Each structure stands twice: as structure tokens, then as C-alpha cells.
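Below is one structure, written out as C-alpha cells, with a few remarks after it.
Read the figures in this text as sums done on the coordinates, not as results from a lab. In this text, all values refer to a predicted model and were calculated from it rather than measured experimentally. Note: ideal-geometry Cβ built from the backbone for every residue, glycine included; neighbour counts use all protein chains shown.
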């Protein structure tokens with residue numbers, strides 16, 4: 001049987017970073033194929049190559065035995081490949097019917113859009129998918145689940161033979177996900193090849209026929225689902241040995257700095273309780289979308305929460321008041337440095353002193369000299385590589401930008417440092433320096449709460465690992481209990497460790 | 001749940017009427033009627049033959065530019081250079097027939113269109129191909145086109161006696177009681193409305209303005225569509241330049257000065273979303289009608305000019321406040337619906353669980 005799609009040894013680099021090395025994927029008509037791998041394994045890049053967003057640098061892609069024409073989203077659709085992204089991309093101002101048919105609206109003999117036919121066809125597709133959506137409704141305000149249905153209707157309307165769904169169930173409730181899985185089965189039974197990217201292994205094992213696992217841009221395994229087990233899949237996904245890149249110094253935990261009790265925000269996270277002691281690094285692990293960042297934002301007071309309490313050094317922290325959190329010695333280093341952490345065109349000095357200006361000013365006037373000496377001190381302590389303290393931070397590398405963000409907050413002498421993905425997108429050497437720094441500060445009694453999606457970082461750095469899944473804490477592991485398999489299984493919903 | 005305010009009330013009147021009553025354009029049309037009625041009751045000369053003619057001529061120029069501007073605004077861009085394009089087109093097309101008493105109106109029209117089209121393509125190329133922000137680009141070309149015009153005119157002006165009689169007559173006559181200038185504007189509105197409503201290309205403009213990255217993902221040629229929108233806006237402003245020439249029987253270096261903001265205001269009052277994705281040509285034209293009529297009416301009611309400006313501004317703010325309010329209202333309904341739905345799904349799931357036990 002010839003495969004419908006045959007991807008052989010494709011490679012793709014962005015700048016110097018290899019997103020794909022030799023990725024391969026074979027799809028047959030009438031199967032649901034799971035594509036698995038950790039964050040950053042190259043799944044999305046591979047899917048975007050199929051979608052026509054990226055053009056691969058090397059390797060071959062065949063569809064129906066003929067070469068696949070790359071690099072055009074329109075051509076991909078015409079060749080029968082439809083990709084449904086995790087975040088559906090609908091047009092909020094247009095009707096659902098038009099969202100389904102945009103660019104391909106049915107037209108009358110005179111070439112004008114046939115609104116009645118479009119509405120009818122959209123309604124027929126929605127019915128076929130088993131949902132009751134009004135084709136005249138605007139897409140604005142549609143739930144994520146319904147948005148995905150519209151995207152699938154769009155794929156069906158192009159008579160797509162290959163339907164790729166990128167983590168379609170990540171943002172859905174159980175019932176909504178169930179409906180989506182039914183739709184996927186129906187598509188398969190209709191003869192389509194369905195590619196299903198998911199981190200929920202239970203879903204993969206109940207739904208899919210075959211699976212392919214990627215790691216670091218390469219395909220590491222491809223197997224019939226019936227021939228494998230969840231723990232085997234997790235081993236394929238993780239696969240690498242831990243190195244001693246991340247030296248966390250041993251410390252004896254001191255007093256409780258942060259105590260979170262029953263923190264709940266309806267529909268976002270539920271009943272989260274944990275403690276962070278002085279001198280301790282606590283990692284918050286879990287998949288993207290599991291609610292980690294939201295918990296941290298609630299603790300710091302950026303978002304409101306519905307129930308529960310947050311205590312810092314034994315005293316309750318008022319909700320939704322970031323200033324109070326700051327005043328009590330809590331510092332938050334957000335995930336998105338460019339957007340939330342730095343003023344890109346401003347100098348290193350300005351960025352470093354931004355939050356401590358109060359302490360540096362006298363009679364409301366900021367002392368330039370003091371501002372400068374604080375920045376210089378931290379630049380040296382963090383081994384910042386720069387061309388002068390007046391250099392705008394936008395010219396620094398990602399790793400050095402991260403150091404500036406860290407120094408900005410460490411300059412406030414916090415008791416609790418909250419870092420969200422501290423080493424995302426920075427090179428290995430700088431990564432190790434950020435780790436050394438965090439470890440050093442913890443050694444001096446700083447309590448650190450670290451969100452990280454990188455397992456080696458979590459296991460290497462943390463004294464205690466909290467794992468979240470779908471808004472709940474699913475595991476609390478000490479340093480000695482935490483293994484790659486345990487954390488992954490708790491994060492993906494497989495409780496037993498085989 | 002219908003997404004238009006008043007739709008529930010409208011539904012009882014039958015779908016088509018309901019849609020018209022519930023539409024974003026309806027309150028603008030309503031306000032226009034109120035202004036017309038009130039003013040003509042207070043000052044009967046307001047809607048005399050001459051008064052009507054003058055009002056429609058004034059509307060035609062702003063309205064034509066607002067129609068073009070709609071194309072750009074629905075794409076989440078803006079064209080601030082339209083006033084300068086008007087001036088440039090009026091001057092260049094007038095120069096071509098200067099001193100030819102029997103020169104052809106058609107030549108002037110074609111030249112005006114061509115100048116506008118060229119200017120629009122310059123804007124479009126800078127915005128679409130180079131990806132520069134529309135606000136800054138068209139603010140820049142506003143001054144550049146103005147500068148070019150000043151360079152060409154050298155401070156001179158072209159008067160009615162130097163223009164072909166056909167052009168001058170075009171500005172002061174009409175058919176079926178409607179000035180020719182207004183006919184041009186209405187024809188443009190019809191073509192524009194049909195295009196935006198029924199052509200795939202026209203629908204693409206809304207898609208791009210509604211969600212630009214998604215438009216790229218579904219394969220809409222965003223650069224070409226942006227070029228098209230600016231070409232249309234430029235051409236409309238160019239044509240408006242000819243209307244200007246005919247209306248005032250001449251042109252000097254001040255022609256079109258400060259026209260851009262009333263044009264954008266007309267669109268916004270008429271329900272064209274300044275953030276892209278929605279709005280109609282009919283709405284933009286109604287907005288232009290309302291603003292121009294308000295201006296003339298306030299003069300007819302002897303309201304001082306300062307207050308006229310303030311009232312126009314107030315109208316603009318009322319329009320966007322109303323839009324915002326409707327948007328928030330819709331968002332709240334959608335959110336409540338989602339919560340209800342989730343609750344229902346959870347209850348159903350729990351019930352199922354109990355049954356299976």
C-alpha cells in the first residue's frame with residue numbers, strides 16, 4: 001500500500017538553530033496518526049512545512065507518490081492538506097459560513113458570492129460534524145471548541161485528505177474533547193489521514209492507530225499503537241541522559257516564605273496548595289496550557305482568583321495587588337521578556353534600575369550615579385556580556401536580555417523570586433549561567449519558584465517538583481523522587497509508572 | 001442569539017426589515033432624517049432647491065472619498081493622504097485643459113482618476129510591500145503630495161475662466177433634481193458596495209482586516225489586496241479632485257487641505273470599524289451625509305462655527321462609544337453563553353457518570 005504522505009529525512013534551520021534534522025513521517029489513508037514529542041521537538045515545524053508556511057531545507061515530501069509542492073498555504077490546501085492549529089485562526093468579524101469558505105465562496109454565474117448556497121453548505125458541514133451552529137453567527141466570542149469545529153468544517157470543505165490537528169484538545173473540557181475525538185474517527189472512517197498532535201497519552205492510546213515520536217528535530221520511533229505502551233512512548237520522548245549541567249547547591253530549607261492554600265480560579269486552576277521555603281528552588285512542571293503561568297500570575301496579583309489564600313512570610317498577601325506583592329519582597333520574572341519584562345529600546349542601566357528607582361532617588365529625583373552603580377554591580381555579578389551599560393537591551397542576545405531582567409528584579413532584594421521559563425530560547429552556555437545564578441541566590445536564602453517546560457532543567461535545579469495537569473496539581477515530588485518518567489506521566493495524565 | 005442590537009425587535013417585523021432596522025447604518029439614517037426635518041421646520045430655506053443642491057454637492061466630495069476610505073479602513077489601515085491627493089489631482093487635471101474653452105470633461109476625469117490611482121499605488125506599495133505602518137506612511141505622503149502640488153502650482157491658481165465650459169457646467173447642473181457630482185458619488189457607492197459585498201476579492205479585504213495572520217494562513221494574497229484598497233482610495237480621492245474643480249470652478253494650493261479627518265470621521269460615524277473587519281460603503285456614505293448635513297444645518301440654525309466643530313466631534317465620539325458599548329454587550333452575552341454551555345456539558349457528563357454507576 002502506497003502511503004498518502006511520505007516525509008523523508010527533512011531538515012529545517014532558523015538562523016543557526018536546527019528545528020528539524022532528519023524528520024520522517026508516513027501517513028496512510030484511513031488512519032489516525034499521533035505525532036508526539038516534548039515541547040521544541042520539532043512537531044510544529046514539521047506541521048508548518050506540510051501547511052505550506054515553511055519550506056524545508058533538505059529531504060523530500062511526497063503526496064500520493066508525487067512530489068509535494070511546498071511553501072504556499074494555498075497550494076497545500078489544493079493538494080489536500082489542511083492544518084488546524086492549536087489556536088484556531090478565525091475571522092471574528094465574519095459569519096461562520098464565510099469563515100468556512102473564505103477565498104473559496106460559492107459564486108453565482110455572474111461571479112458574485114452566493115450567500116444562500118454558502119449558508120446551506122456550511123450548515124450541512126456542521127450537521128455532518130454533529131454540531132448545531134448558526135452559520136450566520138459571527139465568529140467573535142465563539143468557544144475554542146466550536147472554533148475548532150469551524151476549522152474542521154473548513155478542512156472538509158476543501159475535500160482535504162490529510163487533516164492535521166495540532167493539540168486540538170489542549171484547551172477543551174472533557175466533553176468537548178470527546179466530541180472532537182468522535183469527529184476525528186468519522187474523518188478517518190471517511191478515508192482521510194488524520195494527524196493528531198497531543199500530550200494526553202490516554203487520548204492517543206484510545207484514539208490513534210499509529211504513532212510517531214520526535215525528539216530534538218528528528219524522528220526517533222514510529223510504531224503501531226497496539227504494539228507499544230505509554231511508558232515506552234515516554235522513554236522515546238525523553239530519551240536523553242541527564243547531565244550535570246545544572247548544579248544546584250545543597251541547601252537546608254529555612255522558613256516558609258510562600259504558602260499557597262486552596263488557590264482556585266474557576267475554569268483555570270483548581271485547589272492549588274504548596275509551600276516554598278527560604279533557600280529552596282521549587283519547580284512548577286507541566287505542559288503548556290496546564291495552568292502554571294496562571295497560578296503564578298494569581299499569586300503575584302496580576303490576575304484575580306476566586307478562592308484560597310496566599311501567604312508571604314506568614315502574613316496573607318492581598319489578592320490582585322501586584323504592588324503589595326512587590327512591597328512584600330515578591331519578584332516576578334515573566335515568560336515573555338520582550339513584551340513584559342524589558343523596555344527594549346532603553347539602556348541596560350535604565351532597565352536594571354527601573355523597579356528600584358524609589359530607593360535610588362532623593363526628593364523625587366533619580367540619582368544618575370547611584371542608578372549606574374547598581375547596574376554595574378549586577379552586570380558584573382551576572383557576567384553580562386555587553387558593549388557598555390548604555391547599550392539598548394534590544395541589541396543584547398536573548399540570554400543576556402534574560403540576565404538583565406533577572407538583575408532588575410534581584411536588585412530589589414526579593415525574598416521570593418518567581419521565574420517563568422527562565423531559560424527559554426537562550427543558548428546552552430548562558431543557560432548554565434542563569435542556573436548557576438539561581439542556585440547561588442537560593443544558597444543565600446532566596447526562595448525560588450520556577451516554571452519550566454524543560455525536564456532536565458526541572459530535575460537538575462529543583463529541590464521539589466510540583467506537576468500540574470489541566471489546572472490541578474497531579475504530583476508533588478522531592479528531588480530524589482523526581483524522575484523524567486514520573487514527571488512526564490503526571491503531566492500527561494498517566495498515573496501508573498510501568 | 002443574533003449579533004445585531006435591535007434584532008430581537010426587528011425579528012417581529014420580518015427578517016429583511018428586521019435586518020435593516022437592526023443594522024449599524026439604521027441609527028445614522030435615523031439621525032439624518034431627524035436633522036433634516038428639524039432644520040427645515042425651523043428654517044424653511046434650508047431645503048430650498050438651491051439649498052438642496054449645495055448640500056448634495058458638498059456631500060458628494062466627502063462621500064466619494066469616504067467610499068474609498070472604507071476599502072482601506074476595513075483592512076485595518078488608514079489613508080490620511082486623500083486631501084492632498086484631491087489637491088494634486090485637481091491641479092494636474094486642470095492644468096491639462098487650462099485655457100481650452102472647449103476642452104473635454106472626459107480628459108479631466110480620466111486624468112484625475114489616473115493621478116489618484118498613481119498616488120494610491122505609492123501608498124499601497126509603502127504599506128503593503130514594505131510593511132510600514134499605514135498611519136505614518138499616509139501622513140508622510142500627505143505632506144509629500146502637498147509639496148509636489150505646491151511645486152507644480154508655484155503659488156498660482158487656476159480660475160473658472162481658464163477652464164473648459166464643460167467642466168464648469170458639470171459642477172452646477174444635474175439630472176432628475178440631483179447634481180451630476182452627486183450622481184458620480186452614488187454610482188461609486190453602488191459599485192463599491194456591490195464589490196465589497198459580493199466579490200470574493202471584496203470579502204478578502206474584510207478577512208485581512210479582521211485577522212491579518214489568519215488571512216495569510218488561508219492563502220489570501222494580502223499584499224495585492226492592500227495595494228487594491230489603496231488604489232481604490234487613491235482613485236476615489238483623484239475623482240473627488242475633479243469634482244472639487246467642477247464645484248469651485250478652479251483650484252489653488254489650498255485645495256483639499258484638512259479634508260482627510262472629516263473623511264475618516266464620516267466612515268467611523270457610519271459604522272466602519274477603525275480597527276478593521278467591518279463596515280459598509282453605505283454606512284460611510286450615510287456618515288458623510290450626516291456630518292455634512294449637520295454642518296450646513298447648524299449654519300442654517302445660526303449656531304456659531306465653534307459649536308459646529310464641537311458638535312461634529314461629539315457626534316464622532318458618540319458613534320464610537322455606541323460601537324464600543326455594543327461590542328462589550330455582545331462580548332458579555334457570548335461569555336455568559338459559554339459559561340452556561342460549559343455548566344450544561346459538565347452536568348450532562350456527571351449525569352452520565354451516575355447512570356453508568
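May I ask you to order A:68-79, B:252-263, A:216-227 by the average number of other C-beta atoms within 10 Å around their residues, highest value first? Don't skip to the answer; put the middle values down first.
Working: A:68-79: 17.6, B:252-263: 19.2, A:216-227: 16.0.
Answer by packing, highest mean first, reads B:252-263, A:68-79, A:216-227.
Chain A: Rg/Rh from Cα coordinates, Kirkwood Rh? Don't skip to the end; give the middle numbers.
Details: Rg = 25.1 Å, Rh = 24.8 Å.
Here the Rg-to-Rh quotient is 1.01.
Among B:132-143, B:275-286, A:202-213, how do they line up from the highest to the lowest mean number of other beta-carbon atoms within 10 Å?
Numbers: B:132-143: 17.8, B:275-286: 24.9, A:202-213: 19.3.
So the order, starting with the most tightly packed, is B:275-286, A:202-213, B:132-143.
Rounded, prolate or oblate: which fits the range A:57-124 when a ≥ b ≥ c are the square roots of the eigenvalues of the alpha-carbon gyration tensor, with rounded for a/c under 1.5 and prolate only if a/b beats b/c? Don't jump to the answer; show the numbers that get you there.
Details: a/c = 2.86, a/b = 1.83, b/c = 1.56.
Prolate shape, in that a/c is at least 1.5 and a/b is the bigger ratio.
What percent do you get for the relative contact order of the range B:28-303 when only Cα pairs under 8 Å and 6+ apart count? If you can, show how the numbers build up before the last one.
Working: 528 pairs, mean separation 109.2, N = 276.
It comes to 40 percent, rounded to a whole number.
What is the mean number of Cβ atoms from other protein chains located within 10 Å of the Cβ atom of each residue in peptide A:96-102, rounded to a whole number? Don't jump to the answer; show the numbers that get you there.
On the way: counts 0, 0, 4, 5, 0, 2, 11.
Going residue by residue through A:96-102 and averaging, the value is 3.
Please figure out what share of the DSSP beta bridges in chain A is antiparallel and state it in percent, rounded to the nearest 5.
In chain A, DSSP labels about 55 percent of beta bridges as antiparallel.
Students often check this: by mean Cβ neighbours within 10 Å, which of A:309-317, A:280-288, A:464-472, B:75-83 ranks highest, and how do the rest follow? Please list the in-between numbers first.
Numbers: A:309-317: 15.1, A:280-288: 24.7, A:464-472: 21.8, B:75-83: 26.8.
In descending order of packing, they fall as B:75-83, A:280-288, A:464-472, A:309-317.
Which shape class, rounded, prolate or oblate, goes with the range B:97-155 when its Cα gyration tensor gives a ≥ b ≥ c as root eigenvalues, a/c under 1.5 marks rounded, and past that a/b bigger than b/c marks prolate? Can you show the working numbers first?
Numbers: a/c = 4.85, a/b = 1.90, b/c = 2.55.
Because a/c hits 1.5 or more and a/b fails to exceed b/c, the range B:97-155 counts as oblate.
When the helices in the protein assembly as shown are scored as -39500 (n - 2.57) per DSSP H run of 4 or longer and the sum is shared across all residues, what 222 nm value do you end up with, to the nearest 500 deg cm²/dmol?
Working: 32 runs with 429 residues, N = 855.
After summing the helix terms and dividing by the residues of the protein assembly as shown, the value is -16000 deg cm²/dmol.
Taking the convex hull of the Cα atoms, report for the range A:256-492 its projected area averaged over all directions, in nm². Please list the in-between numbers first.
Values: hull surface 49.7 nm².
Mean projected area of the Cα convex hull: 12.4 nm².
For A:48, A:408, what ranking results if the residue with the fewest other Cβ atoms within 10 Å of its Cβ goes first?
On the way: A:48 22, A:408 25.
Final ranking by Cβ density, sparse to dense: A:48, A:408.
Normalised by the residues of chain A, what does the relative contact order come to in percent, with Cα pairs under 8 Å and at least six apart? Please list the in-between numbers first.
Working: 1012 pairs, mean separation 76.1, N = 498.
RCO, chain A: 15 percent.
Calculate how many DSSP beta bridges within the protein assembly as shown are antiparallel, expressed in % of all such bridges and rounded to the nearest 5. Numbers along the way, then the final one.
Working: 47 of 82 bridges.
Counting DSSP beta bridges with both partners in the protein assembly as shown, the antiparallel share is about 55 percent.
Compute the FRET efficiency between residue A:480 and residue A:275 as 1/(1 + (r/R0)^6), taking r as their Cβ-Cβ distance and R0 = 25 Å, and round to the nearest 0.05.
Working: r = 18 Å, r/R0 = 0.73.
With R0 = 25 Å, the Cβ-Cβ based efficiency is 0.85.
If you average 1/r over every pair of different alpha-carbon atoms in the protein assembly as shown and take one over that average, what Kirkwood value in Å do you get? Write down the numbers at each step before the final one.
Values: mean 1/r = 0.0322 Å⁻¹.
So the Kirkwood estimate lands at 31.1 Å.
Per residue of A:110-119, how many C-beta atoms from partner chains lie within 10 Å of its own C-beta, taken as a mean?
Numbers: counts 1, 3, 7, 6, 1, 2, 0, 0, 0, 0.
The mean count of partner-chain Cβ atoms within 10 Å per residue comes to 2.
For chain B, list log₁₀ I(q)/I(0) at each q in 0.07, 0.14 Å⁻¹, using the Debye formula over Cα point scatterers of equal strength and ignoring solvent, two decimals each.
After summing over all Cα pairs, the log10 values are -0.35, -1.18.
Is there a simple number for the mean count of other chain Cβ atoms within 10 Å of the Cβ of residues in B:274-284, and what is it?
Numbers: counts 0, 1, 1, 6, 5, 1, 0, 0, 0, 0, 0.
Per residue, the average neighbour count from other chains is 1.
Considering only the range A:256-492, what is the antiparallel percent among its DSSP beta bridges, to the nearest 5? Could you put the intermediate results ahead of the total?
Numbers: 22 of 40 bridges.
Roughly 55 percent of the DSSP beta bridges within the range A:256-492 come out antiparallel.
How large is the Kirkwood hydrodynamic radius of the range B:99-195, counting all unique pairs of alpha carbons, in Å? Mind showing how you got there, number by number?
Working: mean 1/r = 0.0615 Å⁻¹.
Answer for the range B:99-195: a Kirkwood hydrodynamic radius of 16.2 Å.
Can you compute the equivalent ellipsoid semi-axes for the range A:36-90, i.e. the square root of 5 times each eigenvalue of the Cα gyration tensor, sorted largest first and rounded to whole Å? Mind showing how you got there, number by number?
Values: eigenvalues 71, 48, 18 Å².
Taking √(5λ) for each eigenvalue gives 19, 15, 9 Å, largest first.
Please find the FRET efficiency linking residue A:390 to residue B:150, where r is the Cβ-Cβ separation and R0 is fixed at 41 Å, and quote it to the nearest 0.05. Write out the running numbers ahead of the final one.
Numbers: r = 42 Å, r/R0 = 1.03.
The value I calculate is 0.45.
Going by C-beta contacts inside 10 Å, put A:353, B:173, B:23, A:231 in order with the fewest on the left. All intermediate terms of the calculation are to be shown ahead of the outcome.
Details: A:353 26, B:173 12, B:23 20, A:231 16.
So the residues, fewest neighbours to most, are B:173, A:231, B:23, A:353.
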